[in-house]
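The values are calculated or read from the model by the stated rules, or taken from the named source; none is laboratory data. If you're wondering where the values come from, they're calculated on a predicted model, not measured in any experiment. As a convention, Cβ positions derive from the backbone with ideal geometry for all residues, glycine included, and neighbour counts pool all protein chains shown.
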Amino acid sequence: MAKKHIKTELKRLPTKRQLSRWQRQQRIQRIIVIAGSIFFALVVGYIGYGYYNEQVKPLHQPVIKINDTVFNMDYYVKLLEISTRGADSTATWTAADELINVIESTELIKEVSAGLGFGVSAEEINSELKNLGFPNEQVYRDVAISRLLADRLLQNYFDPKVPTESEQVQVQAMFLESDEAAREIIDKLKDGEDFATLANQHSLEAITKEKSGDLGWLSKDFAYILLGSLGDSLLKDIPFSLEAGMLSEPTYDGSVAKGIGYWLVEVVEKDEERGIHVRGILLGSQQEADEIRAKLESGEDFGALAKEYSQHLESREQGGDLGWTQEVRISSRVVQTLANQLEPGAVSQPAADNSVQTKGGYWLVKVVDKDESRAFDEETRNALKVTLFEDLVVEQREKDSIETYLTEEQKSWAVEQVLRKRE
């Protein structure tokens with residue numbers, strides 16, 4: 001039997017040239033793949049870096065540090081968002097300006113409460129968060145805690161400190177520039193003229209002028225609160241030395257500001273190029289200005305009197321020197337007018353200036369009625385409690401270390417984030 005010859009076709013091996021070409025192609029493909037991957041990674045990284053710089057990094061920047069606690073932009077933005085829900089852009093910008101004070105107050109309330117032994121439980125905080133519709137994050141917990149603590153302090157700490165009734169007097173008052181002016185008003189009152197009408201016409205203090213002298217009922221223990229911006233003045237004490245129907249003697253009070261002053265102006269010399277060299281003394285009343293002018297006429301030194309009596313802070317330490325009219329802008333038209341009218345060495349008569357503020361004047365106070373145990377209405381009691389609370393927070397603020405880092409740029413960024421979320 002004949003053997004079959006099996007023909008086996010051998011696979012041709014690549015030549016060295018072909019192998020070299022394939023290896024080069026594979027290397028090129030690998031290089032292209034790697035380069036593409038690197039390029040993609042760079043693009044993604046660049047986009048991510050930009051997002052991080054614009055959206056993430058700013059949130060970690062500190063805005064305020066209270067003692068050892070740092071509050072960052074993330075905290076600030078979230079607080080701004082919940083503080084301005086439903087508000088327009090204008091209100092949001094306004095809130096952004098006040099938000100640092102809100103963060104301070106929130107932290108200070110916690111400190112004040114801890115110092116007085118007041119606290120809130122985790123259950124109360126969680127319940128408040130639920131009522132407010134806030135998530136369980138630190139910024140929202142702080143809001144809930146401060147609300148709960150404020151309410152607890154008002155009800156349990158400050159409420160007992162404000163009685164339901166106290167000794168009270170019904171007061172009318174006006175503020176006048178001098179004892180002489182006060183005596184003139186007293187004569188008019190004796191002639192039967194109306195206190196309210198005279199106060200409206202002549203009082204130089206804004207509140208008593210606006211209210212025609214009527215300050216209502218004042219409590220002896222809380223007059224400094226009820227008088228608002230006048231709480232530090234002598235007005236808080238004067239009425240309680242009087243009986244019903246009595247009028248006080250003119251009482252000087254150097255703490256109260258009024259919108260009028262009186263200039264004494266001296267021209268030192270004149271020059272065609274530099275203008276007029278002027279000195280001035282600003283005084284609180286015409287009576288005082290007349291007295292100082294009399295001292296000048298008797299030979300006392302203008303500069304020394306200016307340093308002692310002038311209420312113009314910018315020139316007082318320079319002996320009243322206001323400079324040359326062509327080199328320094330003198331803001332008071334009254335001074336400019338007087339300088340133009342005077343010869344060198346001459347001192348003007350006292351001239352009134354309604355564009356300046358001076359301190360000092362005389363109170364005239366009348367007690368209309370008096371009650372040894374008059375009841376407080378609920379609105380007044382609540383206002384007193386809130387003010388006592390605010391005073392305690394202010395005291396705590398003075399004890400704390402507070403550093404503010406927030407910039408206008410950060411504030412603008414925060415507002416933009418909040419407004420963008422509402423679009």
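Residues considered: Gly280, Gly275, Gly261, Gly284. Of these, the only one that is surrounded by 16 or more Cβ atoms within 10 Å (Cβ to Cβ) and at pLDDT below 95 is Gly275.
Applying the criterion of at least 1 residues that are farther than 30 Å from Leu230 by Cβ to the helices (runs of 4 or more DSSP H) found wholly in the stretch 253-342 leaves 286-297, 302-309, 333-341.
For Ala414, the stated conditions hold: it is surrounded by 18 or more Cβ atoms within 10 Å (Cβ to Cβ) and touching a residue at least 60 places away in the same chain (Cβ under 8 Å).
Mind counting the residues in the stretch 185-239 that are of a type in the set (D, E, K, R) and part of a strand (DSSP E or B)? Qualifying residue count, the stretch 185-239: 1. Residue pairs whose Cβ atoms lie under 9 Å apart, sitting 6 or more positions apart in sequence or on different chains, and linking a residue in the stretch 193-219 that is at positive phi to a partner that is at pLDDT below 95, are Gly216/Leu226. The set of residues in the stretch 182-223 being among the aromatic types (Phe, Trp, Tyr) and closer than 19 Å to Gly361 by Cα consists of Phe195 alone.
Taking into account only those residues within the stretch 196-206 that are farther than 16 Å from Ser178 by Cα and at pLDDT 95 or above, which is surrounded by the fewest Cβ atoms within 10 Å (Cβ to Cβ)?
Filtering first and then ranking leaves Thr197.
Taking the stretch 273-303 as the range and being in contact with a Lys or Arg (Cβ under 9 Å, 6 or more places away or on another chain) and under 15 Å from Arg316 (Cβ atoms) as the test, the residues that pass are Ile281, Leu282, Gly284, Phe302, Gly303. In the stretch 371-379, the condition of being surrounded by 17 or more Cβ atoms within 10 Å (Cβ to Cβ), among the polar types (S, T, N, Q) and either at negative phi or touching a residue at least 12 places away in the same chain (Cβ under 8 Å) (or both) is met by no residue.
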